[in-house]
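First up is the structure itself, then whatever we jot down about it.
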Amino acid sequence: MILLDGKAVAKDRRAKIKSEVDSFKSKFGKAPGLAVVLVGDDPASQVYVGSKEKACAKAGILSQRFDIDKTQNVEELDSLLNHLNADQDVHAVLVQIPIPKPFEYRSVLELLDPRKDVDGLTYDSMGRLWSGHKSVAPCTPRGVMEILKYYDINVAGKKAVVVGRSNIVGKPMAQLLMDENATVTVCHSKTPSLEEYTREADIVAVAAGKPRMFGKEDFKKDAVVIDVGIHRLDSGKLCGDVRFEELGGHASAATPAPGGVGPMTIAMLLQNTLDLATAIETRKLK
Ligand code: GUN
């Protein structure tokens with residue numbers, strides 16, 4: 001079984017992004033800029049946002065963080081987004097999920113200029129992706145496609161099953177696989193006899209959100225298994241949606257979790273920032 005080593009792929013991609021950021025700087029006289037908006041004090045989000053800031057610094061991307069206290073009023077967040085939309089040094093904006101009430105993710109997100117939507121989650125970006133005119137795709141499914149490409153796993157003509165139908169992973173994952181000519185089935189928590197679908201698939205991307213839910217018996221021999229889940233068990237150990245240790249000698253390739261898709265999400269955030277920045281600055285030259 002080939003171990004799909006997301007950490008190694010992310011390292012390779014981040015080195016390439018860094019050199020592309022250097023070219024961007026010489027061409028446009030500024031760094032690509034990412035604004036990260038963190039609402040409330042969710043401890044996991046604090047950690048994620050910290051890692052995103054560190055990765056930006058390493059790649060030469062200018063990141064700015066904006067903390068909004070959950071007791072602040074909705075208008076303050078609205079005016080922050082208006083300010084970021086207008087800021088010439090901000091090319092990309094990420095509003096970290098989850099956000100606490102009374103803030104509402106969708107209404108916040110729709111205030112964002114879609115040209116700065118680094119997560120690809122505004123209605124505009126989602127519509128573009130589904131209609132074949134994509135701006136940027138959400139980071140996690142984009143990261144999965146990069147892993148497949150890095151390991152020369154051809155998806156054209158293959159049967160792919162995506163487990164999960166979220167806007168941030170499942171739906172865009174299905175679209176990206178279709179873009180590469182896979183035949184895609186999307187399953188979810190209400191799909192009866194889920195394993196009947198996963199067992200038929202050449203490629204399975206699992207974003208079910210349930211720790212260690214899937215094992216060897218759920219996949220056909222020589223399947224490619226991509227685990228998008230990440231969970232912290234009571235023991236403190238991290239695990240994915242798949243019992244990775246069962247897959248040796250059965251799957252043809254699989255991502256571990258941790259160390260698979262996770263590191264790619266951050267690498268693709270850098271890539272999306274660079275892509276949006278390039279589009280914005282190139283438009284200004286015209
Ligand atoms: N929370 C967990 N993952 C993500 C992500 O990729 N983007 C945003 N905006 N929030 C997240």
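The values are calculated or read from the model by the stated rules, or taken from the named source; none is laboratory data. Everything numeric in this text was worked out from a predicted model, so none of it was measured. Positions of Cβ are generated from backbone atoms using ideal geometry, with glycine treated the same way; all protein chains shown enter the neighbour counts. We work out accessible area using only protein heavy atoms, side chains counted, and drop any ligands, DNA or RNA first. Shrake-Rupley method; radii C 1.70, N 1.55, O 1.52, S 1.80 Å.
Of all the numbered requirements in (1) open to solvent by less than 70 Å² (accessible area, probe 1.4 Å); (2) out of contact with any strand residue (DSSP E or B) (no Cβ under 8 Å at 6 or more places or on another chain), LEU81 misses one, and that requirement is (2). Restricting region 240-286 to residues that are in contact with a Leu (Cβ under 6 Å, 6 or more places away or on another chain) and more than 30 Å from SER23 (Cβ to Cβ), the residue that is nearest to the ligand (Cβ to nearest atom) is PRO258. Of all residues in region 203-210, one or more are free of Cβ contacts under 8 Å to residues at least 40 places away in the same chain and not polar (S, T, N, Q). Residue by residue through region 28-60, note down the ones that are within 15 Å of ASP119 (Cβ to Cβ), within 11 Å of the ligand (Cβ to nearest atom) and of a type in the set (Gly, Ala, Ser). Within region 28-60, SER45 is the sole residue that qualifies.
Condition test on ASP234, is it among the acidic types (Asp, Glu) and either open to solvent by less than 70 Å² (accessible area, probe 1.4 Å) or touching a strand residue (DSSP E or B) at 6+ places or on another chain (Cβ under 8 Å) (or both)?
Judged against the criteria, ASP234 is not a match.
Going by what's in this entry, would LEU112 be described as in contact with a strand residue (DSSP E or B) (Cβ under 6 Å, 6 or more places away or on another chain), open to solvent by less than 30 Å² (accessible area, probe 1.4 Å) and within 14 Å of the ligand (Cβ to nearest atom)? Spelling it out, LEU112 is indeed in contact with a strand residue (DSSP E or B) (Cβ under 6 Å, 6 or more places away or on another chain), open to solvent by less than 30 Å² (accessible area, probe 1.4 Å) and within 14 Å of the ligand (Cβ to nearest atom).
The numbered conditions (1) within 13 Å of the ligand (Cβ to nearest atom); (2) in contact with a strand residue (DSSP E or B) (Cβ under 6 Å, 6 or more places away or on another chain); (3) aliphatic (A, V, I, L, M) are all true for VAL90 except (1).
Residues that are in a loop (DSSP other than H, G, I, E, B), among the hydroxyl-bearing types (Ser, Thr, Tyr) and in contact with a Gly (Cβ under 9 Å, 6 or more places away or on another chain) within region 179-217 comprise just one, SER189.
If only one of ALA174, ALA156 is open to solvent by 40 Å² or more (accessible area, probe 1.4 Å) and away from the ligand (no atom under 16 Å from the Cβ), which one is it? Being open to solvent by 40 Å² or more (accessible area, probe 1.4 Å) and away from the ligand (no atom under 16 Å from the Cβ) holds for just one of ALA174, ALA156, which is ALA156.
Residues of region 41-58 that are open to solvent by 10 Å² or more (accessible area, probe 1.4 Å) and not polar (S, T, N, Q): ASP41, ASP42, PRO43, ALA44, VAL47, TYR48, GLY50, LYS52, GLU53, LYS54, ALA57, LYS58. When the residues of region 193-228 are filtered to those that are touching a Cys at 6+ places or on another chain (Cβ under 8 Å) and not polar (S, T, N, Q), the one that is least open to solvent (accessible area, probe 1.4 Å) is LEU194.
Let's see how each residue does on (1) within 21 Å of the chain's Cα centre (by Cα); (2) under 18 Å from ASP5 (Cβ atoms):
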residue	(1), (2)
VAL184	yes, no
ASP218	no, no
ILE226	yes, yes
ARG243	no, no
GLU246	no, no
PRO256	yes, yes
LEU269	yes, no
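Restricting attention to region 128-153, the residues that are closer than 24 Å to THR282 by Cβ, away from the ligand (no atom under 12 Å from the Cβ) and open to solvent by 40 Å² or more (accessible area, probe 1.4 Å) add up to 6.
Selection of helices (runs of 4 or more DSSP H) fully inside region 71-178 by the criterion of at least 2 residues being at pLDDT 95 or above returns 74-86, 123-130, 139-150. Among the residues of region 245-277, those that are open to solvent by 50 Å² or more (accessible area, probe 1.4 Å) and over 22 Å from LYS11 (Cα atoms) comprise GLU245, GLU246, GLY248, GLY249.
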